[in-house]
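The values are calculated or read from the model by the stated rules, or taken from the named source; none is laboratory data. Computed from a predicted model, the values in this text were never measured in an experiment. All Cβ positions, glycine included, derive from the backbone under ideal geometry; neighbour counts span all protein chains shown. Note: areas computed on protein heavy atoms with side chains; ligands, DNA, RNA excluded. Shrake-Rupley method; radii C 1.70, N 1.55, O 1.52, S 1.80 Å.
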Amino acid sequence: MSERYDVAVVGAGVVGCAVAREFSRYRLRTILIEARSDLGDGASKGNSAILSTGSDTPFGTLENRLVTRGHQRYRAEAPAMGLPILSVGSLTVAWNEAQAASLAEMHRATVAAGYRSAELVDRDAIYRRVPSLAPGALAAMWEPEEAIVDPFSTPYAYALDAVTNGVEFRSSSAVSSALREEAGWTLSTATGAVACGLVVNCGGLWGDKVDALAGLADFAIRPRRGEFMVFDKSARPLLDVILKPVPSPTYRGVLMAPTAFGNVLLGPTAEDIDDPDDWRVTRDGLAKLDAAARAMMPALLDHDVTAIYCGVRPATERPEYRIAAHRDRRWITVGGIRSTGLSGALGIAEHVAALAFDGMLRAERKAELAPVRVPSLLEGGERPWRDAARVARDPAYGEMVCHCEGVSMGEIRDALASPLAPRTLKALKRRTRAMFGRCQGFFCGARVQAAFEHASRRAAE
Amino acid sequence: MSAIETDCAIVGAGPAGLAAARAAIDGGVRSVLVIDRDDAPGGLPRFCRHPGFGWEYTRRLETGPGLVRRLIGALDPARVQIRTGTTVQALHAGPRLEILSSGAGAATVHAKAVILATGIRERPRTARLVPGRRPERGILTTGQLQQMIARGVPLHGKRLVVVGTEHVAFSVLLTARHAGLSVVAMVEAEDRPMSYAPVATLVRCIAGVPIHATTRISDIHGETCVSGVEIESPEGRRVIPCDAVVFSGDFVPDSPLARSAGLTLDPATGGPQVDQIGRTSAPCVFAAGNLLRAVESSGFAAIEGARVGAATAAFLGGRIGWRGQVSTIAIAPQFRYVVPQCWSFEVPGLATLPTSLRVGADLDSARVGLRHDQALLWRGPVRRLLRHRRIRVPLSSLSTRLPGSISLVATPRDHP
């Protein structure tokens, strides 16, 4: 065995990346192990990109505490990493008397739980904010702190921060077995064995299977598929807030939101499935979304759909986080993160570190950290090609390749040269947005793919 | 940031833009700058190496690249500059264009007139709401496939399923054969192919490619690469193994620049609204070619380009002014759109855009009429009107008329 790690984080979704970043703050040898070829390639790649305040999670639960904390930390730490936060606010809209009654109750409970900026607004205020909303809204709860973020750059920024500060990242390394040893574990992975003193299972959709390797069977993943539509940027003027329905106890409903990239997003549906790898967009799902748009904002349907996708959420038999520290086993399970991983990740990471330092691990905090900054992919945001001086210094930023999303060859080159270089076309899309736009590669696909293959060949040599 | 002065800036170096450049020069414009964001001029035809391009304009059967060579060869390099690899980031009043390229960086172009000829793209799988998995390789449009072949970007397999049967679908067939790929099936949601019947028959009988009508794709298989598609027809569902599914046709104007510049767009075409010589709602900004609507042939787009180029020359030469009062051409509900959308009565003696009129649904037997105020100016023959065929209307008969209302009507055969 060549080396030994203090901590092995299994799973590089948004939560695993945040946890690895947390440990990178300490004098520890940490490894982040991912089964797939890219980070953020499971549940983290298909969400609604909303940074929730936590007010939509059950009050008094660990999930509520960690999402609320995650939101606070995101606001404090994300901007320095170059991650955008669009504080557009959300309106939870009641369309009938029964919903209006439960909305009033919801508002009372929300304020009582400490989310003091939540306010009930009347019909006129709703239509002032969203003139194209379908008629018939009765009342809404306005939450000004709910925000939109970049769901792809977020786990990337966490992982890049972790790696820049000493964490080792190993992709395409599915863990096949875990052997308990005196001082920890030896994990067999597809790219070799990893010996470590503590395992943090952030396996997401496969979290129960990872736990099973250690003989644990505390929960079972019940994958929940949610389908989404992303509308053309031409629809963006229709909507400048997050629109949510009043949730039922089992389903939060289809929401509508702007995206950081200048589109309008609609979703998710919710469907329990058996196979966590069943990433199919279905005709039923699309029909449900179409019906939801028709009910909430028919004008949206005048615009073309740019993307359809689904996310699969790592729900379990119980509607709560399944985070457990198995001290005697030197194993921490971070399971059942459901649909709140993006908002909760930094809160979860802090909590996990606290569990680890409570008897399983000792380490000093580093005095100095290397800062990281990821490129902004925000629509209308700062881009290298907007800066004439930068283009003059580096002409590749003037060579636009993806016209729908505004991506230059220089930005693609930079992404391919990252220490966390994308190994698939989809990963390249998530890093740069190239081919993510309305033409889906009609204009740019051949050139982007050529650049990708070229870089991959060079990396292989 | 450097500033460039030109009489006429043309955005898009496809058939319409290149033909417009030639006509503008012929009409006396001293300097023309043609800007294209791709790395070579030619637009979509440059990736189609089979014959069938430009007929209406050149009266020759050219290949795509052949047509492009001819159009470029007709330009005097002393007066027409073509800048490729150059993106127009914004079009402002003036007109003023903000451009960006790797060679020259950011620059501003001050033009006396602008012609937008940004062309079309195909609607991809997502916009067509086709369910199934989303493998990163093998879900293509014909535009992407043709570019991949032309640029030597390898496809991971050889078996294609083509969705759609517009003319372009048959273009894929030719391109694919040339590249050693095989089309294993064509799928059409309508009950018959949307191209010319003899073409479809040839494909079926000679090339041996099955055309599945009244069929849609109900699922796409494959994790990283497409491995097959499930098709659904009245006969049921079945899976066709394949390496790529190519979404063809279903073109739309690529109009983000026109939209961001604030031009009035026609919701029915998705392109800018123009009068009969291509003047848009923005002063000094013309538009031509398939940007006006999807889709006509490359030769048709070139003719439009040439007429708009000539009109631009007339405008820059002071022979006509900018568009004043226009009459909107009202269309009967059977029609999907008409281009031009409006008519300026004050324009004397200029060749007008050929009319693009299309029905929204096939009409078995009808005749089209052109009305000016109460008078019926023209009446077409009784005929079948098909969605995918352009209906010719001699709008130019309006040019001798005084200002008034204009409408296009469709009457069933038995109507008096």
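Of the candidates B:V109, B:V114, B:V68, B:V80, the single residue that is more than 30 Å from A:L286 (Cα to Cα) and surrounded by fewer than 24 Cβ atoms within 10 Å (Cβ to Cβ) is B:V80. Residue count for region A:385-403 satisfying the condition of being without any contact (Cβ under 8 Å) to a residue 40 or more places away in the chain, more than 7 Å from every other protein chain (Cβ to nearest Cβ) and open to solvent by less than 20 Å² (accessible area, probe 1.4 Å): 1. When region A:408-454 is filtered for residues that are open to solvent by 30 Å² or more (accessible area, probe 1.4 Å), of a type in the set (G, A, S) and over 26 Å from the mean Cα position of the chain (by Cα), only A:A450 remains.
Pairs are defined by a Cβ separation below 8 Å, a sequence spacing of at least 6 or placement on different chains, a first member in region A:359-383 that is open to solvent by 100 Å² or more (accessible area, probe 1.4 Å), and a second member that is of a type in the set (K, R) and modelled with pLDDT of 95 or more; the pairs so defined are A:E364/A:R27; A:R365/A:R25; A:R365/A:R27. There is at least one residue in region A:304-325 that is touching a residue at least 12 places away in the same chain (Cβ under 8 Å), acidic (D, E), within 14 Å of another protein chain (Cβ to nearest Cβ) and open to solvent by 10 Å² or more (accessible area, probe 1.4 Å).
None of B:I4, B:I25 is buried (at least 16 other Cβ atoms within 10 Å of the Cβ), at pLDDT 95 or above and part of a strand (DSSP E or B) except B:I4.
Selection within region B:74-125: residues that are within 7 Å of chain A (Cβ to nearest Cβ), part of a strand (DSSP E or B) and not hydrophobic (A, V, I, L, M, F, W, C). The member of this set that is farthest from the chain's Cα centre (by Cα) is B:G105. Taking (1) part of a loop (DSSP other than H, G, I, E, B); (2) more than 14 Å from every other protein chain (Cβ to nearest Cβ); (3) touching a strand residue (DSSP E or B) at 6+ places or on another chain (Cβ under 8 Å); (4) in contact (Cβ under 8 Å) with a residue 60 or more places away in the chain in turn, B:S281 satisfies each apart from (4). Which one of these is within 30 Å of B:P45 (Cβ to Cβ) and within 27 Å of the chain's Cα centre (by Cα): A:E399, A:E405, A:E379? Exactly one residue qualifies, and that residue is A:E405.
Residues of region B:92-127 that are of a type in the set (A, V, I, L, M) and closer than 17 Å to A:F443 by Cα: B:A117, B:I120, B:A127.
Residues in region B:139-163 that are more than 9 Å from chain A (Cβ to nearest Cβ), crowded, with 24+ Cβ neighbours inside 10 Å and not in a strand (DSSP E or B): there are none.
Across region A:274-301, the qualifying residues are those that are at pLDDT 95 or above and touching a helix residue (DSSP H, G or I) at 6+ places or on another chain (Cβ under 8 Å), and the one among them that is surrounded by the most Cβ atoms within 10 Å (Cβ to Cβ) is A:L300.
Only residues that are assigned to a strand (DSSP E or B) and within 21 Å of the chain's Cα centre (by Cα) were counted across region A:9-37, and they come to 5.
Those strands (runs of 3 or more DSSP E) of region A:278-362 in which 1 or more residues are within 15 Å of the chain's Cα centre (by Cα) and among the aliphatic types (A, V, I, L, M) occupy A:305-316. Checked against the criterion of being exposed (fewer than 14 other Cβ atoms within 10 Å of the Cβ) and of a type in the set (A, V, I, L, M), region B:362-380 has at least one qualifying residue.
Could you grab me the full set of residues in region A:162-198 that are farther than 23 Å from A:R365 by Cα and over 28 Å from the mean Cα position of the chain (by Cα)?
A:L179, A:R180, A:E181, A:E182, A:W185, A:T186, A:G192, A:A193
Counting only helices (runs of 4 or more DSSP H) that sit completely within region A:59-137, those holding 2 or more residues that are of a type in the set (V, I, T) and touching a helix residue (DSSP H, G or I) at 6+ places or on another chain (Cβ under 9 Å) correspond to A:62-77.
B:R128 meets the stated requirement of being more than 18 Å from the chain's Cα centre (by Cα) and assigned to a loop (DSSP other than H, G, I, E, B).
Within region A:255-273, can you find the residues that are of a type in the set (G, A, S) and open to solvent by 10 Å² or more (accessible area, probe 1.4 Å)?
Within region A:255-273, A:A270 is the sole residue that qualifies.
In region A:220-254, of all residues being closer than 30 Å to A:L32 by Cα and open to solvent by 20 Å² or more (accessible area, probe 1.4 Å), the one that is nearest to the chain's Cα centre (by Cα) corresponds to A:R224.
Checking every residue in region A:97-117 against the condition of being over 21 Å from A:S52 (Cβ atoms), buried (at least 17 other Cβ atoms within 10 Å of the Cβ) and outside the structural domain of A:S55 (by TED's automatic domain parsing) gives at least one match.
Quick check: anything in region A:56-76 open to solvent by less than 10 Å² (accessible area, probe 1.4 Å) and under 30 Å from A:G136 (Cβ atoms)? Scanning region A:56-76 turns up at least one residue that is open to solvent by less than 10 Å² (accessible area, probe 1.4 Å) and under 30 Å from A:G136 (Cβ atoms). A:L198 meets each of the listed conditions (1) farther than 30 Å from A:E379 by Cβ; (2) touching a helix residue (DSSP H, G or I) at 6+ places or on another chain (Cβ under 7 Å); (3) open to solvent by 10 Å² or more (accessible area, probe 1.4 Å) apart from (3).
When we screen B:E296, B:E346, B:E304 for residues that are assigned to a loop (DSSP other than H, G, I, E, B), under 26 Å from A:D304 (Cβ atoms) and of a type in the set (D, E), the only hit is B:E296.
Among residues belonging to region B:331-343 that are more than 18 Å from B:R279 (Cα to Cα) and part of a strand (DSSP E or B), point out the one that is least open to solvent (accessible area, probe 1.4 Å). Checked region B:331-343; the qualifying residue least open to solvent (accessible area, probe 1.4 Å) is B:F335. Based on what the data block shows, is B:H167 within 20 Å of B:A294 (Cβ to Cβ), touching a residue at least 24 places away in the same chain (Cβ under 8 Å), open to solvent by 50 Å² or more (accessible area, probe 1.4 Å) and in contact with a helix residue (DSSP H, G or I) (Cβ under 9 Å, 6 or more places away or on another chain)? Criteria met by B:H167. Elements of the type strands (runs of 3 or more DSSP E) sitting completely within region B:170-244 and holding at least 2 residues that are farther than 30 Å from A:L428 by Cα and open to solvent by 50 Å² or more (accessible area, probe 1.4 Å): these cover B:236-241. Every listed requirement among (1) assigned to a loop (DSSP other than H, G, I, E, B); (2) in contact with a strand residue (DSSP E or B) (Cβ under 8 Å, 6 or more places away or on another chain); (3) surrounded by fewer than 22 Cβ atoms within 10 Å (Cβ to Cβ); (4) within 14 Å of chain A (Cβ to nearest Cβ) is met by B:W322 save one, (4).
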